[in-house]
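One structure is given below, encoded as structure tokens.
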Amino acid sequence: MKREIPLLLTAIVGFTFLIQFFIPHPFLRFLADMFSDWFSIIAAAAIWLGALNLIRVSLEKINKKESDWFYAIVTIASFLLIVIIGFFFSGGRSFQDPGTRFDWIYLNIYTPLMATMFAMLAFFVASASYRAFRARNAQATVLLLAAFLVMLGRTPFGDWLSSIVFLPKGWGISNISNIIMNYFNVAGQRAIMIGIALGTVSTSLRIILGIERTYLGGD
Amino acid sequence: MQKLFRILLSIDRRIIFLVIFLALTVPIFLRMKIDIDVTREVQIFYDAIEALPSGSRVLVSCDYDPGSEPELQPMAETAFKHFIRKKIRFAIIGLWPQGPTQASRALVMINEAKGRYIIENNDTLTVGRDIVVVGQDTIRYGKDFINLGFQSGNELVIQRLGSSITAVFPNDFRGVATSSYPIMSGLNRLADFDFIFNLSAGYPGTVEWVQFAVDRFHVPCGAGNTAVQAPQVYPYLDAGQLTGLMGGMKGGAEYEKLTGYTAKATMSMVSQTAAHIFVVLFIVIGNLAYFMTRGKKENH
């Protein structure tokens, strides 16, 4: 029963969503809405579960004095700080409003930290491109040329360069960049999308029909 | 010459970092500007908003966090200004927890009213929160716009919005009953919106809005994406499933040019252009040095 009930639930929910897409009967819609609400509740609970798990893992790290255990203290302290300030010192339910203490932390600590982390990518990308982006073979050369044209075509410099080297109208770098994005890129993306869609359909059917059971864990 | 190429190959990465740093910061401090051309996908988005009659209702889904702020926040700010000018009412939601806060911050940024509070009919209204002033236009929270906050559930939130908005968002992001606001009158389900504007930095985002809202409930959707994500949604644009697309900072700058609200994205275009040029130059130099020194090694 430990495995049968989850399998049965999966089959019922899966078939309900599948059928109601093609037959929008009010009862099927009602069931689909109810299952969607269940999912939202489970997803919200998963956020808490994730937060508690973060605390547990960090505490274990401190307890065992694992490498970089000091950062685990920072993690727990930051977590508790934002939770306490958010819950008790930021105007209750309107804690996200501009001007609250929670908002101050979001604006002055969280935002700069996130922005810094992503901004560093620009430097690493530049360094990595210099060291690793080589035209070693025909495929790499095509990739390199496409990257050049798209990178330059996505900036006003591309248009300026096109006018300097007297490229004919409609054949400027930005036009070539658009051709790459709208035709070659779209063709490739469509192939990937169709592949993913077919894979999703087959995997979903295997899960709904109980053939694929690895998500239940165990053997 | 060989020696020079070898030196170039073993160049300290901190020099590359310094060059990129200067390329990004100098144009910002010098307030340099560059003229840009508007691409078809941004023009489609702008035209779609322009075609909406006054009083239309737009759902704005902010599915991003501060990591994508430099690219997406200018789009949010320009779009809100555009909506306000066009007298379009809008409801903000987020499939990412940080999205609704980002939208609030955008509204605070575009607000031009002085002071922190306004007293109106014995009500104390917080400027930037309850009331937003842009040029000659003033919008009021609950009447002209609303922030419904974040809801967990990813694409199933979109699916559920298809049958009921209040079931997914019984309260706004301050905890007040959603149905108590005048803007919600006649807004029962997703199809009641005239347009969806999605700002997306990944999953869940534009792909999910197209698959669930556009294809299922036939609500037109325009999007603003990070430059990394934009190529993934191009097929939807060509198929007509996406009504306009702003890709990265350049997309935001083009939108600013069309609306006439020159702001952050336009100001950052020179920096981005300079960084792109230097990255291209680095790749050229790197390849040149690599092939020159490799040929020499093989001869030996």
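The combined condition, being in a loop (DSSP other than H, G, I, E, B) and over 30 Å from B:A106 (Cβ atoms), is not fulfilled by A:F184.
For the range A:23-34, which positions are open to solvent by 90 Å² or more (accessible area, probe 1.4 Å) and among the aliphatic types (A, V, I, L, M)? A:I23, the sole residue that qualifies.
From the list A:A187, A:A197, exactly one residue is closer than 30 Å to A:R3 by Cα, exposed (fewer than 13 other Cβ atoms within 10 Å of the Cβ) and within 12 Å of another protein chain (Cβ to nearest Cβ). Which is it? Steps first, please.
Numbers: A:A187 fails: closer than 30 Å to A:R3 by Cα.
So the residue among A:A187, A:A197 that is closer than 30 Å to A:R3 by Cα, exposed (fewer than 13 other Cβ atoms within 10 Å of the Cβ) and within 12 Å of another protein chain (Cβ to nearest Cβ) is A:A197.
For the range A:196-215, filtering for residues that are over 24 Å from the mean Cα position of the chain (by Cα) and either in a helix (DSSP H, G or I) or in contact (Cβ under 8 Å) with a residue 12 or more places away in the chain (or both) leaves 6.
Scanning the range B:113-142 for residues that are away from chain A (no Cβ under 13 Å), under 24 Å from the mean Cα position of the chain (by Cα) and within 30 Å of B:V168 (Cβ to Cβ) yields B:V134, B:D137, B:T138, B:I139, B:R140, B:G142. Could you check, for the range B:82-90, whether at least one of its residues is modelled with pLDDT of 90 or more and within 30 Å of A:G86 (Cα to Cα)? Yes, some residue in the range B:82-90 is modelled with pLDDT of 90 or more and within 30 Å of A:G86 (Cα to Cα). When you check B:D215 against the structure, is it within 23 Å of B:A79 (Cα to Cα) and among the acidic types (D, E), yes or no? Considered against the rule, which asks whether it is within 23 Å of B:A79 (Cα to Cα) and among the acidic types (D, E), B:D215 comes out as no. If you check A:V150 against the conditions, is it more than 8 Å from chain B (Cβ to nearest Cβ), crowded, with 20+ Cβ neighbours inside 10 Å and among the aliphatic types (A, V, I, L, M)? Yes, satisfied. Under the condition of being more than 30 Å from B:L187 (Cβ to Cβ) and either part of a helix (DSSP H, G or I) or among the hydroxyl-bearing types (S, T, Y) (or both), the residues counted in the range B:8-61 number 22. Residues in the range B:62-79 that are open to solvent by less than 10 Å² (accessible area, probe 1.4 Å) and free of Cβ contacts under 8 Å to residues at least 40 places away in the same chain: B:P66 only. Candidates in the range B:111-167 are the residues that are of a type in the set (K, R) and not in a strand (DSSP E or B); of these, the one that is least open to solvent (accessible area, probe 1.4 Å) is B:R160. Condition check for A:A77 on (1) open to solvent by 60 Å² or more (accessible area, probe 1.4 Å); (2) of a type outside the set (S, T, Y); (3) without any contact (Cβ under 8 Å) to a residue 12 or more places away in the chain: one failure, at (1).
Residue by residue, here is whether (1) more than 9 Å from chain A (Cβ to nearest Cβ); (2) out of contact with any Gly (no Cβ under 8 Å at 6 or more places or on another chain) holds:
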| position | (1), (2) |
| --- | --- |
| B:L148 | yes, yes |
| B:S152 | no, yes |
| B:S164 | no, yes |
| B:F173 | no, no |
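Name the strands (runs of 3 or more DSSP E) wholly inside the range B:193-285 in which the number of residues that are buried (at least 24 other Cβ atoms within 10 Å of the Cβ), more than 8 Å from chain A (Cβ to nearest Cβ) and of a type in the set (S, T, N, Q) is 3 or more.
Numbers: elements: B:195-200, B:221-225, B:245-247.
Qualifying strands (runs of 3 or more DSSP E): none found.
Here is a yes/no grid of residues against (1) under 25 Å from the mean Cα position of the chain (by Cα); (2) surrounded by 15 or more Cβ atoms within 10 Å (Cβ to Cβ); (3) more than 30 Å from A:S78 (Cα to Cα):
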residue: A:I5; (1), (2), (3): no, no, yes
residue: A:G14; (1), (2), (3): yes, yes, yes
residue: A:F21; (1), (2), (3): no, no, yes
residue: A:S36; (1), (2), (3): yes, yes, yes
residue: A:I41; (1), (2), (3): yes, no, no
residue: A:L49; (1), (2), (3): yes, no, no
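The values are calculated or read from the model by the stated rules, or taken from the named source; none is laboratory data. The structure displayed is predicted, hence computed values, not measured ones. A quick note on method: Cβ atoms are made from the backbone with ideal geometry, for glycine too, and the neighbour counts reach across all protein chains shown. Quick note on the areas: whole protein, heavy atoms, side chains included, nothing else; ligands and nucleic acids left out. Shrake-Rupley method; radii C 1.70, N 1.55, O 1.52, S 1.80 Å.
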